[in-house]
Every structure is written in C-alpha cells, then in structure tokens.
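Q: Here it is: the structure, laid out below.
The values are calculated or read from the model by the stated rules, or taken from the named source; none is laboratory data. The structure displayed is predicted, hence computed values, not measured ones. Counting neighbours? That spans all protein chains shown, and the Cβs are built from the backbone with ideal geometry, glycine included.
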C-alpha cells in the first residue's frame, strides 16, 4: 500500500516535471520564424517511416548502425514491459499481465531479454568507441566538457538499467522455481524467460529468500527509477533525438538539396524594378531582418533541428572543410544553436516570459564568422544526418545577415559581388565580351 | 576538326527562326580559358547532332549562383530577374547548361521568381542523345583507359544526377573506377559556396588537394568532371602532386568530343 502511494507520487512527479520541460522546449522551438510545410503528407510519412523508424540513413555506416539498432529496438520493445511495471506499481500487483497473456507474455519478456543482451553489447561497444578507440568524430573539441559527459552518462545509465532488468527477472526466476515469488503460480515451475531462466540460478541460486526478494525489489525499483530519471534527463541532454527524430524527419526538406530558400522580403524590394504591377508578399509595416543574427531569426524547423541533434558528428566527418582542418564543424553549428536557444529560453524564464536583451547573439558569441565563411555549401552534412538535420540552412541564414544587414563579408567576396553587379560575371570581364569565345575558335 | 557554328538568339530571331534549346554557357564557360574548351566541346556535340540551339551571347549574365551561396540574396534576385526577363522575352522552353551551378540555379531557384523552364545539364543531354541513337559514341583514344568520375556537388547531391555522367563514360569502352567517397557521399572539390572566389580559411590542407589525392590513389588516366569549377580545382590538385603528365582532368563533353573526332 505504502509502496503503491510512493510509486504513484513518483510517477506523477516525474511526468509533471517532464511535461513542464517539454513545454519549455516547445516554446523555445516556436521562438523561430514561421515556415509552412503544408502538403506532401504521404511523402512526409514515408520519409519518417524510412529515416526515423527504419533508421535508413544510419546504415550508411553498418557497424555503428547495427550496434545502434540493438539499443533502438530494445528501447522500443521495453516500453511494453514498462506498461506492466507501471500497472504493478500503482496496483501493488506482481507480474499482473502474466496469467492472462500466458505464452505471449513469456515470448515478449524473452524477446526483451535477448534485445537487452544485444543492447548491453552495443552500449559497451559505444563506450569503448568513445573513450578507448578515439573515433575522430567522437573526440573533436566541441565535445569537451558536458557533451562528452552527457554521452557517457547515458551509456552508463543504459548498462545500469539492463543490469536492473536481469536482477529483477533473475531473482524472480529463482523465487518462482521455489514457489516463493509474488507472481501467481501457474504450476509451471519456471518463468521461462530466455535469458534469466539460466542467468537467475547462476547468479542468485545460492541466496536466501530474503536476499532474493531484496535483489528482485532493487531490480524492479531500480528499473523504473532509471526510466523516470532518463525521461527527465532527456530535456537536458542530446538524447532528445529519440523523440524529435520522428517529427524532424516528417518535416524534412523534400526539395532538391541544391535549392536554397527564396527570401520573399528581398523579392518585394527587387521585383518592382522589373514589374510595376508587382504585389508585395510580405507586410511592409512589419519588416524582418534579412538572414539570421540570433536564434529568433531562424525558422522553427532550424530550431527543432538543433534540439534533434544527438552530436554523432557524421556531418562533421563528411564536411570537406572539417576534414581539412578548418574551424567549421556542422555539428558545432547545431550545438551552438541549441545552446544559444536554451540561453534565450532561460532568459525568458527569468524575466516573466519576455526576452530581455543580453547583448549576445548566436552569430559572434557562439558561431564565429570564420566558421560560416568556410562552408562549401556542398550538402555533405545534410546528406549524412541520420535524422535529416540541415546545418547548411543555418549557415546560409547567418551569411545572409552578414552580407545584407552588415555588409560584412570577406573582401574577395565583395569584389565578386561588385563584378557581378557591374559586368554580370564574378570576374572583371566586360559583359559585351561574353561571346568572344565564339570568334576565338 | 570542323569550325563550330554558334548562333545567338538575336541572330536566330533575325532569321525568323526559333531554337529548340538554349545553351546557357555560364561565366566560366564564357571567360575562363580552360572552361572555354569545354564550352566548345559541348558546341561540337550539338553541331554534330544538328540540334537547333542558340546562345544568349552578350545578353547572358551570371545566374547569381555565387552571390546566392555567399548570402547576397539581393544581388542574386537582381541577376535572376534580369535573366528571366531575357529568357522569357525569347519564349525559351528548354535550356542546357555547361555548369552544374547554373543548372541548379535556373532549374530550382528561378521558378519562384517567374522563370519556368525544362533545364538539363550537358551530361543529361548527351545521355539523352545517345539513348535516342542521335549520337554514336566510340572509345577512340580513351579505349581501355582508366577513368574516375568526380561528382559535382550541385549535380550529384544537389540534384540527384549520378548516373548520366557514368553511363556516358561507360560508353567509351573504358574502366570506370569509383572513389570511396562518390555519388551521394562524394567529396566537394573545394570551389562551391563561393569559395572559388576567396582564399580558404586556415586549416591543415586544401580541399582540392584532399580530393585529388583520393582520385590519384586509383592511378587513373583521366579524372572526369562535369563542372568547370571542379575542373579548375582538380587540375590544380593533380598539379600539386606533379601528376599532370599521367592524369588528365577532362570534362565529360571533352571526352565525347575528342574520342569521336568532333
């Protein structure tokens, strides 16, 4: 009875706290400018199913893809077992679904146990890759400090969670075989779960009844506490991708990657020179900044991209400029965008919901000019991202701000602009000479 | 080698004719000495198959691509609208470009500003001509040689055109080698994003050297490209390793034109 109350309070508390943080993230994302993604719903669902649910782009690199798939599938399937844990916790029952589900129950838990073992292998391999093998993309400087700790905490948390699952099931198996388990005895002498049937007697076979019940309870409570802890760690961690990966792929750019957005605010200025009957598309009384200086100037999809990033660094490992030692790292662009957005969000929390200018901005305080001017706009980062994040879109918006609002671009680019403006070519050739090549043959 | 025939739109209209296709030459193809050779190779192919085409000549202006990538949307839209005015004025329906950057810009970014055309890159047109039996291709001097194709970002990743250039190369009876980073995973030559027009930022290597190194590791006779900017970058990269005697950097149009004595 007492434990049911404690459990229910914990569950409610954890859910409320999580909900509050989710609301903040939603508010932060919606600080971005509006952008419409209407239509193409079936294409969008298809992309989401393939890329997020089916992990399609992960498999460009098979080994991490398989290891990640172990964790991913274990995570998804374990949710079913979690339903029973929550039910048992509130009702004070024990393995309440077993009697009614029968063989299906044994199959499900057995399946979860096998996936848990695979996930254990995956997690250990990931820890080794990160800390011992020094995979280049996992040791770059932007991961120093919290990002590295964040990644390791989650991996260690997952290992702990899996240990709790086997403590819970293993000890219960021994108890059940001795007819001491709180689960309804179906007269079958074993819970018959694929792994704990063997692992339980092996690890806990010699323990007393009290010892077994203690281990079982530590496993059970440990499991649910880890789950609730993980849930509430998400908003502070790079692991939001497990949720946001789905909407983020749904709102993927379905146009050719080479196509950049058209700024209607610019069209409204340029078009009347060519068409006197042109009707403006944007509100002249509400002028917006050209490009982006800070996170509020980006659109909400750019900001959702930032929250969806799990800092895997595939983008950076494919970026021609990162490969050749330049300052630019597409992953850092995403991390900086999220960090700045969180800072803006905290500023709003501290000021009754309105942002008070802190004299800082994404461009300059987080992302240096040198980073964005290095970009080749080659789309390698966009191609690589397993959840269809577009770092290039942010880089282009920052460039637009520097060029159109501050006229602050590298001098060679200014020369190129002047040439195009004056002679219709990026070099200093006269437009009248454009067809000279014909006569030169 | 016969002389080339390159009518301008103005000449065509003056003769009461309309072309089937506009050849968009581009800035590089018009002014850069190396790229002019590619332009002429494309013209030789067009002349050979008797396509009725025209160029805009002095009426053509930069598509605005480098301005757009660099963030200068104003300049881009100015250029785009000027060009669209000219192209629409001639009532042009189909355009072939000699450069993936012009191709991408006109195909994808002009429609929002009032320019709607069927746009193809020259490798797509050549493949179409081969498929239709209008262009017969032989390996000629390249027969049996090893050729590696470097994907231009704005043709490949940018627009999903990976096969047209490869299909053409295969027709030359050669060994088509692939770099590890190819097609969707191709590595940029280093020119895109307006980098062509400025010095690189501080780092430990030039992008074109990284890419040329990867291509040269396959020991090819030819590095085939489909973009005048890639051509410049890869040529410089090959020179960096003093391999210009062994490995030539050639556009697909040049491969076709010279293998078939056009």
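Q: Within the range A:228-281, which residues are farther than 28 Å from residue A:53 by Cα and assigned to a helix (DSSP H, G or I)?
A: Passing the criteria: A:264, A:265, A:266, A:267, A:268, A:269, A:270, A:271, A:272, A:273.
Q: I need the full set of residues from the range B:198-253 which are surrounded by fewer than 22 Cβ atoms within 10 Å (Cβ to Cβ), in a helix (DSSP H, G or I) and in contact (Cβ under 8 Å) with a residue 40 or more places away in the chain, in order please.
A: Within the range B:198-253, B:232, B:235 meet the criteria.
Q: Name the one entry in A:345, A:364 that is under 30 Å from residue B:210 (Cβ atoms) and outside the structural domain of residue A:147 (by TED's automatic domain parsing).
A: One residue alone meets the criteria, A:364.
Q: Are any residues in the range A:263-295 in contact (Cβ under 8 Å) with a residue 12 or more places away in the chain and surrounded by fewer than 17 Cβ atoms within 10 Å (Cβ to Cβ), and if so, which ones?
A: A:264, A:280, A:281, A:282, A:284, A:287, A:288, A:289
Q: Working only within the range B:45-66, note down all residues that are in a helix (DSSP H, G or I), within 24 Å of residue A:263 (Cβ to Cβ) and more than 7 Å from chain A (Cβ to nearest Cβ).
A: B:65
Q: Quick one: residue A:169 ticks every box in (1) out of contact with any helix residue (DSSP H, G or I) (no Cβ under 7 Å at 6 or more places or on another chain); (2) within 16 Å of residue A:198 (Cα to Cα); (3) touching a residue at least 60 places away in the same chain (Cβ under 8 Å) except a single one, so which number is it?
A: (1) is the only condition that residue A:169 fails.
Q: Another one. Take the conditions within 21 Å of the chain's Cα centre (by Cα) and either outside the structural domain of residue A:231 (by TED's automatic domain parsing) or surrounded by 14 or more Cβ atoms within 10 Å (Cβ to Cβ) (or both) and apply them to residue A:96. Does it pass?
A: Here the answer is no, as residue A:96 does not meet what is asked.
Q: Something else about it: Can you tell me which residue within the range A:69-106, out of those that are over 26 Å from residue A:53 (Cβ atoms) and not in a helix (DSSP H, G or I), is modelled with the lowest pLDDT?
A: Here the answer is A:102.
Q: Would you check if residue A:324 is out of contact with any strand residue (DSSP E or B) (no Cβ under 6 Å at 6 or more places or on another chain) and within 30 Å of residue A:64 (Cα to Cα)?
A: Criteria met by residue A:324.
Residues are listed down the side, and each one gets a yes or a no for (1) more than 25 Å from residue B:259 (Cα to Cα); (2) touching a residue at least 60 places away in the same chain (Cβ under 8 Å); (3) assigned to a strand (DSSP E or B); (4) touching a helix residue (DSSP H, G or I) at 6+ places or on another chain (Cβ under 9 Å):
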residue	(1), (2), (3), (4)
B:35	no, yes, no, yes
B:43	no, no, no, yes
B:68	yes, no, no, yes
B:78	yes, no, no, yes
B:86	yes, no, no, yes
B:96	no, yes, yes, yes
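Q: Identify all residues within the range B:155-170 that are free of Cβ contacts under 8 Å to residues at least 24 places away in the same chain and within 14 Å of chain A (Cβ to nearest Cβ); write none if there are none.
A: Those that are free of Cβ contacts under 8 Å to residues at least 24 places away in the same chain and within 14 Å of chain A (Cβ to nearest Cβ): B:160, B:162.
Q: Something else: For residue A:42, are the conditions met, namely being surrounded by fewer than 17 Cβ atoms within 10 Å (Cβ to Cβ) and in a helix (DSSP H, G or I)?
A: The answer is yes for residue A:42.
Q: Would it be correct to say that residue B:102 is under 30 Å from residue A:319 (Cβ atoms), touching a residue at least 40 places away in the same chain (Cβ under 8 Å) and in a helix (DSSP H, G or I)?
A: For residue B:102, the condition - under 30 Å from residue A:319 (Cβ atoms), touching a residue at least 40 places away in the same chain (Cβ under 8 Å) and in a helix (DSSP H, G or I) - is met.
Q: A further question follows. Picking from A:66, A:154, A:77, which residue would you name as being more than 30 Å from residue A:329 (Cα to Cα), surrounded by 14 or more Cβ atoms within 10 Å (Cβ to Cβ) and in contact with a helix residue (DSSP H, G or I) (Cβ under 9 Å, 6 or more places away or on another chain)?
A: Result: A:77 is the single residue among A:66, A:154, A:77 that is more than 30 Å from residue A:329 (Cα to Cα), surrounded by 14 or more Cβ atoms within 10 Å (Cβ to Cβ) and in contact with a helix residue (DSSP H, G or I) (Cβ under 9 Å, 6 or more places away or on another chain).
Q: Ok, one more. Those residues that are outside any loop (DSSP other than H, G, I, E, B) and within 13 Å of residue B:39 (Cα to Cα), I need them from the range B:11-29; list them, please.
A: B:23, B:24, B:26, B:27, B:28, B:29
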